[in-house]
Amino acid sequence: MAGGIFSPLGSCSELEKANCHPLVCLLCHEPYQHPCLLDCYHNFCASCLRGRASDGRLRCPLCGHPSVVRGGTGLPPVDRLLQFLVDSSADSEEDVQCANCDRCCTKAELDTMYFCNTCGQPLCAPCREETHRAKMFARHEIVSLSKRTKDIHKKCPLHEEPYIMFSTEKKSMLCINCFRDMQGESRAHCIDIETAYMQGCQRLDQAVMAVKELQTSTREAIVLLKAMIEEVRNSASEEEAAINSLFSLMQEQLSERKKTLLKAVQSQHEEKEKAFKEQLAHLASLLPTLQVHLVTCSAFLSSANKAEFLDLGYQLMERLQRIVKLPHRLRPAQTSKINSEYRAEFARCLEPLLMLSPRRSMVGSTGGIGPGITGTNMLPGGQCSKTLMVPSCPPSSDKMSSGPMVKKPTMHRYISTKVLLAEGCETPFAEHCRNYENTYRMLQTEIQGLKDQVQELHRDLTKHHSLIKSEIMSEILQKSLQMDVQIAAHYSAVEMMRSVFEEVWEETYQRVANEQEIYEAQLHDLLQLRQENSCLSTITKQIAPYVRSIAKVKERLEPRLQEPQEPREEQAQMLLNICDDNE
């Protein structure tokens, strides 16, 4: 199976089974042959990894982590540690024979075997007690068979001398010659073999403890992930059940609302059809009467002489006039369109189930149908009257009456308009916005000019106590009246465009949501301009009596400054009266 295609493990249990033996390759499932270590610390046989490298990189068959491979072999370096364990395992499986008594030990007795590193020979337990207890063997190093020292670990391959020191700096063993050849600074990092062994065991214990902690954390994470997988499965089942339940409820609600709407449509149909049939019957009965009287008039004119005409003609004329003055319903009393607002009704019946917030155009908690439109604006049959209802303003012809308004910043409307025009879409609303901005800037400039004049007059009158001519007040009032007419005309023109825009808004609501906001802000800006203009007029009227009073005092004190002011004062008074009437 060496070099075969590796199939990823399907579950954690399979991974645990595959890792049951640390000296078995996960690809070929055989003991390691020349094990290679990847950058992800997974080991595989060299033959299993051969031919898998591409462009100097080799992906781990287990986790997919890329490892850099160098050299012409295309293989990662050999894992010396794992190779040592493999060799040790192979040595432990060989038959061991005591060098003293030639006794062969079974695998069960290997734990009782010893090895003399000095002699380089294995010893059984009886021979160790009998022969190597003599004084001549007192200096021999006797260890258990599993810890025997091989020849490669006994002597330095460079000087053929036994190892006596260990360099903690280079992590290598040293013979006496290697120690002499080292520099003085490096010698300070050299310790004897036994001390190095003890320190290494302590550090290894620390590393093992860290790995054990990581192993514990990994197992806990695996348990947690398994629990989360189960939770995901349960959550998916609950979500599917909730979706099916909600869908069933939605179907029931929609089915019930469908029946209600169909009944409403049928009711409107029967009501309108009945009304139209009654009106049709009335007109059908009226037509023969008119035809009879027309024929009667024609016959009377052709057969009656002058005396008979004067005797009966006025009676005929009176009858005809009465017929004409009777209340005849010639025009339909209602429209023929049946409107059930089914979209809004379906959305309204789904709101409690979907926890949706009502759209701006839907009926809110106060009973409003949308921004600026209230429930009182609905015609019979559910049709909107297309009339803007300004808050605190009665639904009369004068819809621009001053009062508290919902403030929408002009700057926000200006920026939104700029963004809309920058999109480059040639729509009726975009063209309307271009024309509106030009007109609005002109009106705003004129209002600002009037505002500056009134502020200057107020400052001169209160702080400087200077005289102000009455004709200036008259000019301001006249301009204010003209501005009021222009704003009202522009407001009416913008208001008349509502029906055109609403047809487009109904088809593409998502896009025109921003346009509706800009549109309402435009109407608000006009109302605000008119309110400012009304305030200017009020301030001007409040200042006017003081100006006239001061002017009369000045005329009395300086007769030579007197001028024929009566016509101008009468004109100013007339303008003030006109303003009072408008208010």
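The values are calculated or read from the model by the stated rules, or taken from the named source; none is laboratory data. This structure is a prediction, so every number in the text was calculated from the model and none was measured. Cβ coordinates were reconstructed from backbone atoms using ideal geometry, including for glycine residues, and neighbour counts include every protein chain displayed. These accessible areas exclude ligands, DNA and RNA; they are computed on the full protein's heavy atoms, side chains included. Shrake-Rupley method; radii C 1.70, N 1.55, O 1.52, S 1.80 Å.
Miscellaneous remarks
- Sequence-distant residues sharing a close amide H with Q121 (under 5 Å, placed H): C116
- Among 198-205, 343-350, the order from most to least packed when residues are scored by Cβ within 10 Å on average: 343-350, 198-205
- Coarse-grained scattering of the stretch 35-85 at q = 0.27 Å⁻¹, given as base-10 log I(q)/I(0) from a Debye sum over alpha-carbon atoms: -1.06
- For the stretch 233-310, the Kirkwood estimate of hydrodynamic radius, built from reciprocal distances between every pair of different alpha carbons, is 18.9 Å.
- Given charges at Cβ of Lys, Arg, Asp, Glu: the stretch 206-353 dipole, positive-most of L310, L224, A275: L310
- Shape summary: the stretch 206-353 maps onto an equivalent ellipsoid whose semi-axes, from the alpha-carbon gyration tensor, are 90, 13, 8 Å in decreasing order.
- Summed residue charge, Cβ within 14 Å of L283's Cβ, Lys/Arg positive, Asp/Glu negative: +2
- Nearest-20 debye value, the stretch 19-93 charge dipole, Cβ charges on Lys, Arg, Asp, Glu: 400 debye
- Theoretical gain in end-to-end length, I142 to K306 [0.36 nm per residue, Cα-Cα removed]: 42.5 nm
- Across the stretch 284-294, coupling constants 3J(HN,Hα) worked out from phi with the 6.51/-1.76/1.60 Karplus curve, θ = phi - 60°, read 5, 6, 6, 4, x, 4, 5, 5, 4, 5, 5 Hz, and Gly and Pro carry x.
- With every protein chain in place, the stretch 162-212: carbon and sulfur % of accessible area (1.4 Å): 57 percent
- C-alpha center-to-center spacing [the stretch 417-461, the stretch 276-346] in angstrom: 54 Å
- Close amide H partners of D79, meaning residues 5 or more places away or on another chain with modelled amide H under 5 Å apart, are C36, L37.
- Förster radius 22 Å - calculated FRET efficiency between L287 and L316, Cβ distance, rounded to 0.05: 0.70
- Close amide-amide hydrogen proximity is noted between V96 and C105, each under 5 Å apart and 5 or more residues distant or on a separate chain (H modeled in the peptide plane; Pro and chain starts excluded).
- Carbon and sulfur %, accessible surface of the stretch 19-93 computed with the full protein complex present, 1.4 Å: 53 percent
- Neighbour net charge for S67 - beta-carbon separation under 9 angstrom, K R +1, D E -1: +1
- A simple spin-label model places pseudo-atoms 7 Å from Cα toward Cβ; at A275 and T439 they are separated by 3.4 nm.
- Sites S88 and I243, calculated FRET efficiency, Cβ-Cβ separation with R0 51 Å, nearest 0.05: 0.25
- Accessible surface area normalised per residue over the stretch 206-353 is 81 Å², counting heavy atoms of protein chains with a 1.4 Å rolling probe.
- Couplings for the stretch 223-239, taken from phi via the Karplus curve 6.51 cos²θ - 1.76 cosθ + 1.60 with θ = phi - 60°, read 4, 5, 5, 4, 5, 5, 4, 5, 5, 4, 4, 5, 5, 5, 5, 5, 5 Hz in order; Gly and Pro are left as x.
- 3J(HN,Hα) along the stretch 415-432, derived from phi through the Karplus expression 6.51 cos²θ - 1.76 cosθ + 1.60 where θ = phi - 60°, amounts to 5, 4, 5, 4, 5, 5, 6, 5, 5, x, 7, 8, 10, x, 5, 4, 5, 4 Hz, with x in place of Gly and Pro.
- Charge dipole of the stretch 414-509 about the Cα centre (unit charges at C-beta), most positive-ward option of L421, S474, Y491: S474
- Proximal charge balance of C178 [Cβ under 12 Å; K/R count +1, D/E count -1]: +1
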